[in-house]
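Asks: One structure, pasted below without further comment.
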Amino acid sequence: MSDRYTNGTENTANWRPATQLIHSGTSRSQFGETSEAMFLTQGFVYDSAEAAEARFKGEDDGFIYSRYANPTVDMFEKRMCALEGAEDARATASGMAAVSAALLCQLKAGDHVVSARALFGSCRWVVETLMPKYGIETTLIDGTDLENWQRTVRPNTKVFFLESPTNPTLEVIDIAGVAEIANAIGAKVVVDNVFATPLYQKPLDLGAHIVVYSATKHIDGQGRCLGGIVLSSKDWIDENLHDYFRHTGPSLSPFNAWTLLKGLETLPVRVRQQTENAHAIADHLASHNVIKRVIYPGRPDHPQADLVRRQMSGGSTLVAFEIDGGKQAAFAFENALEIIRISNNLGDSKSLITHPATTTHKNLSQEDRDELGITDATVRLSIGLEDAQDLIADIDRALSKV
């Protein structure tokens, strides 16, 4: 944006993530503040009527209105671009605003979308319920089998949509393989990369065209605010997302953008510790006689363990597992926990647990949950920053009551 906000840190591609997440995209005002400034303003003034005209014509790249762009939000977008390796981004008010914008901005009635069926409940609602209302055809598949993506292609297929690892069963989908199929037919691949985080998986490097995040999760990661972001090439955003974003108004607030900037500074430290804790807990659960099944991308018994090693540089902060005894046992376990709290959020500094069949995926039919492997015994555990031994002791104490 305007030169007066620039501090000369635009060329940060060679920096490592921990450095990028502290310095990339930083813009300082004339006061030279250390922390990023928070610009809580709706609009901006112009030096003259001619300057306003130039701004609206795009001849001056300054700010116009905070629904379109804002200096604090712009810093968050630039920092995420540096981390993701993306040319451009638009930050949104929530993760679902990012998902909806990334899909709807490039589709019209008569288009066809192929989506992996393993999705967060609200994402699946957008695919199954919302898009067909506007004449967009959709097909849900088992995304772990590349042949399914190829088999469901139609002449009007425009978008492939997936999340990997998936919510809540932590399946991993071959992003490069899906992208190869999409490129052959001129379709775009949209990847929800929340569970992997931008630290452990780079969908754009693997061939995806658009990446979305709920920044509410690991990026804030401290239970403070909502946020989302869509990242892609500048051409794609200019041609598809720019006008949709400008006129429908899913924009992120400057206050939330500032909070998310602060979250990015500690993201590598938090995610690394959470992953170490999660791996230790997954291994411990696997040895427990009350646990029927453990799913964790860092373990050799993960269903797509080979793909995990090729595609991801780390495991996950989440563990999924099944408790012997069904819903009654799962509820008894959750209710007996003392440190780990019951919540549908994830990626937080606090360890959180949820029962997907009765919360995040409760609106799916029993048949759909069975297809996804979400049983009444399934629980999803998001590991925080507590001491791993304290968490293991809490888990063991709760399991003893099952």
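Asks: For residues in segment 242-275 being in contact with a Leu (Cβ under 7 Å, 6 or more places away or on another chain) and aliphatic (A, V, I, L, M), which is nearest to Met75 (Cα to Cα)?
Replies: Applying the filter and picking the extreme gives Leu264.
Asks: Considering only residues that are within 18 Å of Ser27 (Cβ to Cβ) and open to solvent by less than 80 Å² (accessible area, probe 1.4 Å), which ones fall in segment 54-68?
Replies: Selection gives Arg55, Asp60, Gly62, Phe63, Ile64, Ser66, Tyr68.
Asks: Then there's this: It is to be established whether one or more residues within segment 369-384 are in contact (Cβ under 8 Å) with a residue 40 or more places away in the chain and among the acidic types (Asp, Glu).
Replies: yes
Asks: Collect the residues in segment 174-194 that are open to solvent by 10 Å² or more (accessible area, probe 1.4 Å) and either within 11 Å of the chain's Cα centre (by Cα) or at pLDDT below 95 (or both), keeping them in residue-number order.
Replies: Answer for segment 174-194, where residues must be open to solvent by 10 Å² or more (accessible area, probe 1.4 Å) and either within 11 Å of the chain's Cα centre (by Cα) or at pLDDT below 95 (or both): Asp192, Val194.
Asks: Pull up segment 29-48, narrow it to residues that are within 20 Å of Tyr68 (Cα to Cα) and either in a helix (DSSP H, G or I) or without any contact (Cβ under 8 Å) to a residue 24 or more places away in the chain (or both), then point me to the one that is most open to solvent (accessible area, probe 1.4 Å).
Replies: Checked segment 29-48; the qualifying residue most open to solvent (accessible area, probe 1.4 Å) is Asp47.
Asks: List the pairs whose first member sits in segment 88-112 and is under 7 Å from Gly228 (Cα atoms), whose second member is buried (at least 24 other Cβ atoms within 10 Å of the Cβ) and aromatic (Phe, Trp, Tyr), and whose Cβ atoms are under 9 Å apart, counting only residues at least 6 apart or on separate chains?
Replies: Between residues of segment 88-112 that are under 7 Å from Gly228 (Cα atoms) and residues that are buried (at least 24 other Cβ atoms within 10 Å of the Cβ) and aromatic (Phe, Trp, Tyr), the close pairs are Ala91/Phe76; Gly95/Tyr213; Ala98/Tyr213.
Asks: If Ser316 meets every condition in (1) closer than 21 Å to Glu163 by Cα; (2) polar (S, T, N, Q); (3) surrounded by fewer than 16 Cβ atoms within 10 Å (Cβ to Cβ) apart from one, which number is that one?
Replies: (3)
Asks: Taking interchain pairs and intrachain pairs at least six residues apart, which have beta carbon atoms under 8 angstrom, with the first residue in segment 261-272 and farther than 16 Å from Arg16 by Cβ and the second acidic (Asp, Glu) and assigned to a helix (DSSP H, G or I)?
Replies: Hits for this filter: Gly263/Asp220.
Asks: Hey, another quick one. Assigned to a loop (DSSP other than H, G, I, E, B) and either in contact (Cβ under 8 Å) with a residue 24 or more places away in the chain or of a type in the set (Val, Ile, Thr) (or both): is that true of Val189 in this structure?
Replies: So Val189 does not fit the description; no.
Asks: Are any of the residues in segment 214-223 over 26 Å from Ser351 (Cα atoms), surrounded by fewer than 24 Cβ atoms within 10 Å (Cβ to Cβ) and small (Gly, Ala, Ser)? Walk me through how you get there before you give the answer.
Replies: The first filter runs over segment 214-223 and keeps only residues over 26 Å from Ser351 (Cα atoms), leaving none.
No, segment 214-223 has no match at all.
Asks: Taking Ala208 as the residue in question, decide whether it is buried (at least 19 other Cβ atoms within 10 Å of the Cβ), closer than 22 Å to His112 by Cα and in contact with a strand residue (DSSP E or B) (Cβ under 7 Å, 6 or more places away or on another chain).
Replies: yes
Asks: Where the second residue is surrounded by fewer than 19 Cβ atoms within 10 Å (Cβ to Cβ) and not in a loop (DSSP other than H, G, I, E, B) and the first is on the phi > 0 side of the Ramachandran plot and lies in segment 242-255, which pairs have Cβ atoms under 6 Å and are six or more apart or on separate chains?
Replies: Partner pairs satisfying both residue conditions: none exist.
Asks: Just the residues that are open to solvent by 10 Å² or more (accessible area, probe 1.4 Å), modelled with pLDDT of 95 or more and in a helix (DSSP H, G or I), please, taken from segment 96-121.
Replies: Met96, Ala97, Ser100, Leu104
Asks: What number of residues within segment 291-309 satisfy the criterion of being open to solvent by 90 Å² or more (accessible area, probe 1.4 Å) and within 22 Å of the chain's Cα centre (by Cα)? Before you say what the answer is, go through the steps one by one.
Replies: Restricting attention to segment 291-309, the residues satisfying the condition of being open to solvent by 90 Å² or more (accessible area, probe 1.4 Å) are 292-293, 300, 306, 309.
Narrowing further to those that are within 22 Å of the chain's Cα centre (by Cα): 309.
Summing the residues that are open to solvent by 90 Å² or more (accessible area, probe 1.4 Å) and within 22 Å of the chain's Cα centre (by Cα) in segment 291-309 gives 1.
Asks: Still on this structure: Identify the residue in segment 49-86 that is part of a loop (DSSP other than H, G, I, E, B) and aromatic (Phe, Trp, Tyr) and, among all such residues, is farthest from Asp243 (Cα to Cα).
Replies: Ranking the qualifying residues of segment 49-86, first place goes to Phe63.
Asks: From the set of residues in segment 319-368 that are in contact with a Phe, Trp or Tyr (Cβ under 8 Å, 6 or more places away or on another chain) and surrounded by fewer than 21 Cβ atoms within 10 Å (Cβ to Cβ), which is nearest to Val379 (Cα to Cα)?
Replies: Thr360
Asks: All but one of (1) modelled with pLDDT under 90; (2) closer than 22 Å to Gly228 by Cα; (3) aliphatic (A, V, I, L, M) hold for Met75; state the number of the condition that does not hold.
Replies: If we test Met75 against (1) modelled with pLDDT under 90; (2) closer than 22 Å to Gly228 by Cα; (3) aliphatic (A, V, I, L, M), just (1) comes out false.
Asks: Do you know which of the residues in segment 1-28 that are of a type in the set (Val, Ile, Thr) and part of a loop (DSSP other than H, G, I, E, B) is modelled with the highest pLDDT?
Replies: Top of the filtered list is Thr26.
Asks: Ok, one more. Kindly evaluate Phe245 against the criterion of being under 25 Å from Leu385 (Cα atoms) and open to solvent by less than 20 Å² (accessible area, probe 1.4 Å). First the steps, then the outcome.
Replies: Details: under 25 Å from Leu385 (Cα atoms): no; open to solvent by less than 20 Å² (accessible area, probe 1.4 Å): yes.
No.
The values are calculated or read from the model by the stated rules, or taken from the named source; none is laboratory data. None of these values were measured; they are calculated from a predicted model. Virtual Cβ from ideal backbone geometry, glycine too; neighbours counted across all protein chains shown. Accessible surface is based on the protein model in full, side chains and every heavy atom, while ligands, DNA and RNA are left aside. Shrake-Rupley method; radii C 1.70, N 1.55, O 1.52, S 1.80 Å.
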